[in-house]
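Chemist: Quick one: structure below, then a few questions.
The values are calculated or read from the model by the stated rules, or taken from the named source; none is laboratory data. All figures in this text were calculated on a predicted structure; none of them were measured in a lab. No Cβ is skipped: glycine too gets one built from the backbone with ideal geometry, and neighbour counts run over all protein chains shown. Note: areas computed on protein heavy atoms with side chains; ligands, DNA, RNA excluded. Shrake-Rupley method; radii C 1.70, N 1.55, O 1.52, S 1.80 Å.
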Amino acid sequence: MSKSMFRSIAATDSLLKEVRACQLCAPVLPLGPRPILQVHPHARILIAGQAPGSKVHESGVPFDDASGNRLREWMGIDKATFYDPKRIAILPMGFCYPGTGSSGDMPPRPECAVAWRSKLLDHLPDVELTLVIGSYAQDWHLHTDNKATLTETVKAWRDHWPHIVPLPHPSPRNNIWLKRNPWFEDEVLGSLKELISAILSKPDSR
């Protein structure tokens, strides 16, 4: 390992310690802070999600739920690959469980992205593909105007290909959306799996 890469990894580890010690939203988090993310400078694919749910908060493992099972299926990868930080970075818009509202989980806490997102993205120089899941991540990464619906944003996936792919949330709560939009599986997922396979199969030149 080169000295520059060693320094990069050390700097990332230092930043991650700061993030995991964050207490910024402690007064308003129902279960308290538990930042959950996965970052390494070697990662080639970034998953930009929303915020962990209660099950993920309990386990401390990102996408350790039914949503994760579906997302891995969409990506065409197994758990070992998914949880290898040197291959896959996982950086939700909010790192801590925000609590539950009347229609599901609350939105990601906005303080989180302001405090940490740009700093962490600077530590991901090798990312070739970003999967942006849900409207909050899409607003940040695609700079979408609020007039576009999630369906319209996902339908325009070719506009950002092959560096960014907007996705609906893989939660079982979106089963109705998936049934109403069969084009998503027919048009998007096959191409996405091929792209991910090609990226992950590249040899590490470091």
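Chemist: So, in nm, how far is label Ala156 from label Asp204 when the simple model puts each one 7 Å beyond its Cα toward the Cβ?
Modeler: 3.7
Chemist: To continue, here is another question. Sort 192-202, 84-94 by the packing proxy (mean of other Cβ within 10 Å over each peptide's residues), most packed first.
Modeler: 84-94, 192-202
Chemist: Quick one: Kirkwood hydrodynamic radius for the stretch 75-192, alpha-carbon pairs, angstrom, one decimal?
Modeler: Across the stretch 75-192, the inverse of the average 1/r is 15.7 Å.
Chemist: Separate question: Restricting to Cα pairs below 8 Å that are 6+ residues apart, what does the relative contact order work out to for the stretch 82-206? Please round to a whole percent.
Modeler: With pairs under 8 Å counted, the relative contact order is 19 percent.
Chemist: With labels modelled as points extended 7 Å from the Cα through the Cβ direction, what inter-label distance (nm, one decimal) is found for Lys79 paired with Ala26?
Modeler: Going from the Lys79 label point to the Ala26 one covers 3.3 nm.
Chemist: Tell me, what is the per residue accessible area of the stretch 59-98 in Å², probe radius 1.4 Å?
Modeler: Per-residue accessible area for the stretch 59-98 comes out at 36 Å².
Chemist: Ok, one more. Round to a whole angstrom and tell me the spacing of the C-alpha centers of the stretch 89-126 and the stretch 139-206.
Modeler: The stretch 89-126 and the stretch 139-206 have Cα centres spaced 19 Å from each other.
Chemist: Over the stretch 55-206, with every protein chain in place, what whole percent of the accessible area is carbon and sulfur at 1.4 Å, could you tell me?
Modeler: About 50 percent, which is the carbon plus sulfur part of the accessible surface.
Chemist: Could you tally the net charge around Cys96, taking each other residue with its Cβ under 13 Å from the Cβ of Cys96, Lys/Arg +1 and Asp/Glu -1?
Modeler: My count for the surroundings of Cys96 gives 0.
Chemist: With r defined as the distance between the Cβ atoms of Leu189 and Asp126 and R0 fixed at 25 Å, what FRET efficiency is calculated, to the nearest 0.05?
Modeler: 0.55
Chemist: Any idea what the dipole of the stretch 1-107 comes to, in debye rounded to 20, about its Cα centre with Lys/Arg Cβ at +1 and Asp/Glu Cβ at -1?
Modeler: That gives a dipole near 400 debye.
Chemist: Also, quick follow-up: Amide H to amide H, which residues 5 or more places from Thr130 or on other chains are under 5 Å from it, using H placed in the peptide plane?
Modeler: Sorted by chain and number, the residues that satisfy this are Leu46, Ile164, Val165.
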